[in-house]
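Step one of this worksheet: look at the structure below.
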Amino acid sequence: MDYLKTQSVDSLNGTIKISGAKNASLPLIAMTILARNSVNIKNLPHVADINTLLKLLSNLGAKCDFLDDRVVVDTSTLTETKATYDIVKTMRASILVLGPILARFGHCEVSLPGGCAIGQRPIDLHLKALEQMGAVIEIKSGYIEARTPNGLKGCDIIFDKITVTGTANIVMAAALANGNTTITNAAREPEVVQLCEVLNASGVQIDGIGTAILTVHGTNGKLVDIEEFSVIPDRIEAGTYLCAGAITKSEITLTNVEPKHLGAVLAKLEEMGSTFTTTQSTITIHPGQNIKPVKIVTQEYPAFPTDMQAQFLALATQADGVSIIEERLFENRFMHVSELQRMGADITLNGHTATVSGKTELSGTDVMATDLRASSALVLAALVSSGETNIHRIYHLDRGYDSLEKKLEGVGAKIERLQE
Ligand code: UD1
């Protein structure tokens, strides 16, 4: 198993190129199931989750050619409709194939994703919406078995909660349904917006893109022709490297980034004392001399993302004063706290709220990554810890960060990947 060894440095300096967004790539790859043609997708990140989804599609019979940052997916040869446990257990987002496979083939089986490190993460809203569209769904032997005896029919869906992959799944199912589907309380994340934009440009009319009410005009089973497109930049990867600049008080420039997607993150970093120079596709962080404490509540886009909570918690350990960080989306997303405490952080947890008292001197030790974003919080803390930090179980990190240690090394970090 790989681990990362890091040593503290005085500061970082330089430029980091941001990769394509993992969370945009996953639904966009699943979307190729709706296509009649081979689909070219550019600017894909090299992360394990993408390989997992491509493997899932290949197992179902699709042809996937992944070279550099580009993949060509041909689903015309896809015949199997069962996403098996061995793949789904490694990546919950495998559930994204349910909507498009069901819409195209009229039946689909997907292993039921279990709980995960950050909480229960049910998929009841995906299933309820598909049932409203006419699917018959049974849970048998750990599998979701779905079929559509009379096809999928457009209808009005009101999500009880905003769900990102739930919205993506239903948009894809609705794309081939008979009639119009209106989704109220839809997710507005940029990754959902891109899925809708690509489908819209491919002839599936979608009204209300970027709003909480989407109307998808179904093609009544007609597969779509999807033109080549490029995945949007990864706003969470970008936010993580901005935190690296802030925590080490270093000027770092990000390229291939979309500043518009980072509004809430930039606002919080500004409150903490940093300023920024932005162009259409670059952001340079100018860190303040001192880091100020902050109050953060995680919410759905465009508010502050839960996927940046762990990184800001690490940053708050270096702020002068008390920060309050409240996690509203996931029930158990504070696993990184105990590891940060082992490095010397002063954090008190009370239910969904972490109180971080700074500034604390952190010291390097052996720590364990527990989930994807928790891993990057440990890397950030390690950058400013005295001595050496070994971060174990970085397979979590590899699920979503493209070449993290190379990108950080490129701006002067002392970080290397080693084998246990
Ligand atoms: C996606 C992102 C993940 C991010 C999360 C929240 C991908 C691949 N993953 O995850 O990185 O942290 O959005 O921004 O894009 N819920 C239900 N029932 C459902 C579905 C969701 O109760 O059927 C709840 C969840 O438990 C959670 C909340 O709704 O509390 C939001 O979850 P959701 O938006 O669905 O997260 P994911 O799409 O799994």
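Which numbered condition trips up E270, out of (1) charged (D, E, K, R); (2) in contact with a Gly (Cβ under 6 Å, 6 or more places away or on another chain); (3) within 21 Å of N13 (Cα to Cα)?
With (1) charged (D, E, K, R); (2) in contact with a Gly (Cβ under 6 Å, 6 or more places away or on another chain); (3) within 21 Å of N13 (Cα to Cα) applied to E270, the lone miss is (2).
Of the residues I236, I296, I283, which is under 22 Å from the mean Cα position of the chain (by Cα), more than 28 Å from L44 (Cβ to Cβ) and either assigned to a strand (DSSP E or B) or in contact (Cβ under 8 Å) with a residue 24 or more places away in the chain (or both)? Walk me through it before giving the result.
On the way: I236 fails: more than 28 Å from L44 (Cβ to Cβ); I283 fails: more than 28 Å from L44 (Cβ to Cβ).
Answer to the selection: I296.
Looking only at the stretch 171-202, how many residues end up being part of a helix (DSSP H, G or I), within 9 Å of the ligand (Cβ to nearest atom) and of a type in the set (A, V, I, L, M)?
The initial filter retains those residues of the stretch 171-202 that are part of a helix (DSSP H, G or I), namely 171-175, 190-201.
Keeping just the survivors that are within 9 Å of the ligand (Cβ to nearest atom) gives 191-192.
After this cut, where a residue has to be of a type in the set (A, V, I, L, M) as well, the list is 192.
Residues in the stretch 171-202 being part of a helix (DSSP H, G or I), within 9 Å of the ligand (Cβ to nearest atom) and of a type in the set (A, V, I, L, M): 1 in total.
Name the residue, out of K161, K140, K128, that is of a type in the set (D, E, K, R) and either under 23 Å from L57 (Cβ atoms) or in contact (Cβ under 8 Å) with a residue 12 or more places away in the chain (or both). So that I can check it myself, show each step before the final result.
Working: K140 fails: either under 23 Å from L57 (Cβ atoms) or in contact (Cβ under 8 Å) with a residue 12 or more places away in the chain (or both); K128 fails: either under 23 Å from L57 (Cβ atoms) or in contact (Cβ under 8 Å) with a residue 12 or more places away in the chain (or both).
Answer to the check: K161.
Among K153, K140, which is at pLDDT below 95 and under 23 Å from V110 (Cβ atoms)? Explain how you work it out, then say what you get.
Details: K153 fails: at pLDDT below 95.
Selected residue: K140, the only one of K153, K140 that is at pLDDT below 95 and under 23 Å from V110 (Cβ atoms).
Only one of (1) aromatic (F, W, Y); (2) modelled with pLDDT under 95; (3) within 22 Å of S25 (Cβ to Cβ) is not met by Y401, so which one is it?
The failed condition is (2).
Check every one of the helices (runs of 4 or more DSSP H) wholly within the stretch 57-170 and list those with 2 or more residues that are within 15 Å of the ligand (Cβ to nearest atom) and either over 24 Å from the mean Cα position of the chain (by Cα) or among the acidic types (D, E) (or both). Let's see the steps before the verdict.
Values: elements: 85-88, 98-105, 124-132.
Counting at least 2 such residues, we get 124-132.
I need the full set of residues from the stretch 351-381 which are farther than 26 Å from A24 by Cα and touching a Lys or Arg at 6+ places or on another chain (Cβ under 9 Å), in order please. Even if it seems obvious, please write down each step before you answer.
Here is the first cut: in the stretch 351-381, the ones farther than 26 Å from A24 by Cα are 351-368, 381.
Once the filter is applied, which keeps residues that are farther than 26 Å from A24 by Cα and touching a Lys or Arg at 6+ places or on another chain (Cβ under 9 Å), the stretch 351-381 yields H352, T365, D366, V367, M368.
Among the residues of the stretch 63-113, what is the count of those that are within 18 Å of V47 (Cβ to Cβ), open to solvent by 10 Å² or more (accessible area, probe 1.4 Å) and among the aliphatic types (A, V, I, L, M)?
Qualifying residue count for the region: 2.
When you scan the stretch 320-375 for strands (runs of 3 or more DSSP E) that lie fully inside it, which ones turn up with 1 or more residues that are more than 16 Å from the ligand (Cβ to nearest atom) and under 24 Å from I394 (Cβ atoms)? Outline the logic, then answer.
Numbers: elements: 321-326, 346-350, 353-358, 366-368.
Of the strands (runs of 3 or more DSSP E) lying wholly inside the stretch 320-375, those with at least 1 residues that are more than 16 Å from the ligand (Cβ to nearest atom) and under 24 Å from I394 (Cβ atoms) span 346-350, 353-358, 366-368.
Looking at the stretch 293-319, which of its residues are away from the ligand (no atom under 11 Å from the Cβ) and touching a Pro at 6+ places or on another chain (Cβ under 7 Å)?
Scanning the stretch 293-319 gives A316, A319.
Which residue out of I252, I226 is among the aliphatic types (A, V, I, L, M), closer than 30 Å to G151 by Cα and out of contact with any Pro (no Cβ under 6 Å at 6 or more places or on another chain)? Walk me through it before giving the result.
Numbers: I252 fails: closer than 30 Å to G151 by Cα.
Exactly one residue qualifies, and that residue is I226.
When residues of the stretch 203-231 are filtered for being among the aliphatic types (A, V, I, L, M), away from the ligand (no atom under 16 Å from the Cβ) and touching a helix residue (DSSP H, G or I) at 6+ places or on another chain (Cβ under 8 Å), how many remain?
Taking the stretch 203-231 and keeping what is among the aliphatic types (A, V, I, L, M), we get 204, 206, 209, 212-214, 216, 223-224, 226, 231.
If we keep only those that are away from the ligand (no atom under 16 Å from the Cβ) as well, we get 204, 206, 209, 213, 216, 223-224, 226.
Next, only the ones that are touching a helix residue (DSSP H, G or I) at 6+ places or on another chain (Cβ under 8 Å) stay: 204, 206, 209, 216, 223-224, 226.
The number of residues fulfilling the criteria is 7.
Checking the structure you have, find out if any residue of the stretch 250-265 is at pLDDT 95 or above, part of a helix (DSSP H, G or I) and closer than 20 Å to V379 by Cα. Steps first, answer last, please.
Step one: filter the stretch 250-265 for residues at pLDDT 95 or above, giving 250-265.
Subset that is part of a helix (DSSP H, G or I): 259-265.
With closer than 20 Å to V379 by Cα added as a condition, the list becomes 265.
For the stretch 250-265, residues at pLDDT 95 or above, part of a helix (DSSP H, G or I) and closer than 20 Å to V379 by Cα: present.
May I ask you to list pairs of residues, at least six apart or on different chains, whose Cβ atoms are under 7 Å apart, with the first in the stretch 189-211 being at pLDDT 95 or above and open to solvent by 40 Å² or more (accessible area, probe 1.4 Å) and the second being within 13 Å of the ligand (Cβ to nearest atom) and assigned to a helix (DSSP H, G or I)?
Once the first residue is at pLDDT 95 or above and open to solvent by 40 Å² or more (accessible area, probe 1.4 Å) and sits in the stretch 189-211, its partners that are within 13 Å of the ligand (Cβ to nearest atom) and assigned to a helix (DSSP H, G or I) give I209/V193.
Which residues, taken from the stretch 385-406, are assigned to a helix (DSSP H, G or I) and hydrophobic (A, V, I, L, M, F, W, C)? Show your work before the answer.
Initially, the stretch 385-406 is screened for residues assigned to a helix (DSSP H, G or I), giving 395-398, 404-406.
Listed by number, the residues that qualify are L397, L404.
The values are calculated or read from the model by the stated rules, or taken from the named source; none is laboratory data. Predicted model only: the values in this text are computed from it and were never measured. Note that we place each Cβ from the backbone using ideal geometry, even for glycine, and neighbour counts take in every protein chain shown. In case anyone asks, the SASA skips ligands and DNA or RNA and just uses the protein heavy atoms, side chains included. Shrake-Rupley method; radii C 1.70, N 1.55, O 1.52, S 1.80 Å.
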